[in-house]
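Each remark here refers to the structure printed beneath this line.
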Amino acid sequence: MTSGLATERQIDEESSKKNRLRRQLSAWIPVAICVLVIVAESTAAFGADHTSGPLQAFCEWLLHKRFTQPEWWRMHIIIRKCGHLTGYGLLSASWFRAFWMTFRLNDDPRRRWNYAHLLAVLGTFVVASGDELHQLLLPNRTGSFVDVMIDCTGALLMQILIWFSMRNRYVAR
């Protein structure tokens, strides 16, 4: 009878370990995917000189409008900077989700909530800085502190959205 109980405990422990591993993977795989997309987009192939033509053709088709070169250059910059804002906002959301799901911090939800927000912005800043430093090494790309600030603005905006969507559950307690 004791060996039966020991076996049940072992099965429960193994099941618990598998569930923890699944939870960890579920939390961190989206972060890894976001970072990999950013790394891929940080290559020479995604420089403005390579994206301008296809984006212009798509926008002209979509809007039924021909752009002059100065009009297009302004539009292209806006599209690229909005891509920074959006992409790093999504990265920030995935960081928040991962920290929220994996940090326990004595099961104090407010403390966990604050740390998840802070670390999401910090993680986004680190990736954005690394991305821009990498672009300094490429011949057709320029690393820019302004882009890091745009990326961090996207992260902060996303954290504000998350904060407002979750505040009733975790702030009032």
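Relative to the compact-globule estimate of 2.2 N^0.38 Å, the Cα radius of gyration of segment 2-170 comes out at 1.39.
Arranged from fewest to most other beta-carbon atoms within 10 Å of their beta carbon, Ser42, Ser26, Ser52, Ser165 become Ser165, Ser26, Ser52, Ser42. Going from the residue with the fewest nearby Cβ atoms within 10 Å to the one with the most, Trp163, Trp113, Trp95 rank Trp163, Trp113, Trp95.
Throughout, read-outs are computed from the coordinates displayed, never taken from laboratory work. Note that this is a predicted model, so its numbers are computed, not measured. Positions of Cβ are backbone-derived with ideal geometry, glycine not excepted, and every protein chain shown enters the neighbour counts.
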